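The next block holds one structure in the form of structure tokens; read it before the comments.
The values are calculated or read from the model by the stated rules, or taken from the named source; none is laboratory data. For clarity, every value in this text was computed on a predicted model and none was experimentally measured. All Cβ positions, even for glycine, are placed from backbone atoms using ideal geometry, and neighbour counts span all protein chains on display. For the accessible areas, the whole protein counts, side chains as well, though only heavy atoms, and no ligand, DNA or RNA atoms are used. Shrake-Rupley method; radii C 1.70, N 1.55, O 1.52, S 1.80 Å.
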Amino acid sequence: MKVLSLGGAGFIGSHLTERLLHENHSVMVVDYYDDKISELIGQPGLTLLKQDIREDNWGLEEHVKDADVVIDLIAYANPGLYVKMPLEVFELNFTENLKIAKACQMLNKRLIQFSTCEVYGKTPASFLNGNLVNPDDPAHATFSEDHTNLIMGPIEKHRWIYASAKQLLERILHAYGLEQDFNYSIIRPFNFIGPKIDYLLNETDGIPRVFSYFMDALIHGGQMKLVDGGNHRRCYTYIDDAIEAIYRIVQNPNRVCDQEIFNIGSPHNETSIKDLAVLMKDIYANDMWQEGMPELPEIIDVSSEDFYGKGYEDSDRRIPDITKAKSLLGWEPEWDMVSTLKATMNYYVTEYRLHYGMRSWKHDLLKKAMASKH
Ligand code: NAD
Ligand code: UGA
């Protein structure tokens, strides 16, 4: 199969590109970075176009025409960015993504669109707390693709522009499906985590997701900061589990994924952010920390306004209902929380700088890991 993978060199994209090549598909990656697939460059079947898709006339239609299936992973996907530059988030995640969808619709190509579990927004429990018999019942936060209502916060909380842009894009794909028989599948990832998720904070001017903030504090010293007490909960999904599900959606056996939305996530790996911090610190202290390394970080509280600025509001809890993925794809996640964190953290402690160079490298264990690789 010829796959056009837009954003195919990002976190999810790099793992998916590797899997597709392994299964002997031909993959055309369009991305403006290539660091995360640098070790794949030169492999038979891979073509890379380093391109900013916001530029005019870069050849979108020709590349879509040439593909059997198009996968769209391009987005700003980190909450700090939704608060810092909401208009750019909208332009990339909606306007540019819509151009891709339109090209696929016009050229009659199947589109696999990456959306987000954030489209579910907040739980009813977050605002009906006093009126619910058992507000902590997971049933209040278990979201199903075709039945659950989508609850966004007020406009002045501009964090929701990301989820709103993704939601509108989903609604347009659905309408293309209804009116023009367009063939799409939508994926709603629930906090995928694994090697290459984000760069560490000290090493880029980017804004990572929580794992990389915490990992950075563990490796370089500093503080692990809990936003608004760290009581919000997420279901973490190891990237290998996620890629297995995504690959099955690409294969689309008996066309079961046509015009379907899929939650992809691990319902059994639910954790509060506070517990995530404690668990990561314990794993690091027991398995990775050595004398001479920076002191283990303290875990402190910080307000969301101090951490993100005005306009932030959190998704309080989200658990995927994966009934559809189980029944149509025969997929279930296998990785538990501790194994997921150990595998991801181990990558950042031993492999990360072998791939991305040694900027701000001050870590003895890493030096040893480097030495043993030569
Ligand atoms: P990522 O940031 O690692 O990947 C996005 C890729 O798009 C990057 O490689 C980036 O270079 C590329 N890109 C961004 N703007 C571009 C442009 N203008 N031109 C060309 N390339 C551009 O993010 P990810 O975690 O791999 O997420 C992939 C998709 O899945 C996104 O749509 C995201 O919203 C969605 N998603 C991811 C998660 C998750 O758990 N990682 C959760 C929910 C939704
Ligand atoms: C992210 C992004 O919206 C998308 O990539 C995606 O839609 C979603 O993850 C996903 O992976 O499914 P979120 O989980 O809120 O959303 O992103 P994180 O930055 O990882 O934050 C998780 C939680 O940790 C939030 O409650 C945040 O406030 C908190 N946090 C973040 C801290 O307590 N400390 C930090 O240092 C950073």
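You will find that of ASP52, ASP136, ASP72, the residue that is within 11 Å of ligand 1 (Cβ to nearest atom) and free of Cβ contacts under 8 Å to residues at least 60 places away in the same chain is ASP52 and no other. Annotation note: of LEU107, LEU111, the sole residue that is surrounded by 20 or more Cβ atoms within 10 Å (Cβ to Cβ) and touching an Asp or Glu at 6+ places or on another chain (Cβ under 9 Å) is LEU111. Scan region 71-86 and tell me whether some residue there is farther than 23 Å from PHE190 by Cβ and of a type in the set (Ser, Thr, Tyr). There is no residue in region 71-86 that is farther than 23 Å from PHE190 by Cβ and of a type in the set (Ser, Thr, Tyr).
Taken together, the criteria exclude VAL70 from residues that are at pLDDT below 95 and surrounded by 21 or more Cβ atoms within 10 Å (Cβ to Cβ).
If the condition is being assigned to a helix (DSSP H, G or I) and open to solvent by less than 60 Å² (accessible area, probe 1.4 Å), then region 243-252 contributes ILE243, GLU244, ALA245, ILE246, TYR247, ILE249, VAL250.
Taking region 169-200 as the range and being modelled with pLDDT of 95 or more and of a type in the set (Lys, Arg) as the test, the residues that pass are ARG171, ARG188. Residues that are closer than 18 Å to ASP258 by Cα and either out of contact with any helix residue (DSSP H, G or I) (no Cβ under 8 Å at 6 or more places or on another chain) or buried (at least 22 other Cβ atoms within 10 Å of the Cβ) (or both) within region 148-172 comprise LEU169, ARG171, listed in sequence order. Annotation: of all residues in region 282-307 being at pLDDT 95 or above and of a type in the set (S, T, N, Q), the one that is surrounded by the fewest Cβ atoms within 10 Å (Cβ to Cβ) is ASN286.
Scanning region 258-267 for residues that are assigned to a loop (DSSP other than H, G, I, E, B) and within 16 Å of ligand 1 (Cβ to nearest atom) yields GLY265, SER266. The listed residues are GLU305, GLU313, GLU298, and the only one of them that is away from ligand 2 (no atom under 12 Å from the Cβ) and not hydrophobic (A, V, I, L, M, F, W, C) turns out to be GLU298.
With respect to GLY222, is the statement that it is in contact with a strand residue (DSSP E or B) (Cβ under 8 Å, 6 or more places away or on another chain) and of a type in the set (Gly, Ala, Ser) true? The answer is no for GLY222.
Looking only at residues of region 280-324 that are in a helix (DSSP H, G or I) and in contact with a strand residue (DSSP E or B) (Cβ under 8 Å, 6 or more places away or on another chain), we find that the one that is farthest from TYR213 (Cα to Cα) is LYS324. Look at region 268-281: where a residue is within 16 Å of ligand 1 (Cβ to nearest atom) and open to solvent by less than 60 Å² (accessible area, probe 1.4 Å) and a partner is assigned to a helix (DSSP H, G or I) and of a type in the set (S, T, N, Q), sitting 6+ places away or on another chain with Cβ atoms under 9 Å, you get ASN269/THR340.
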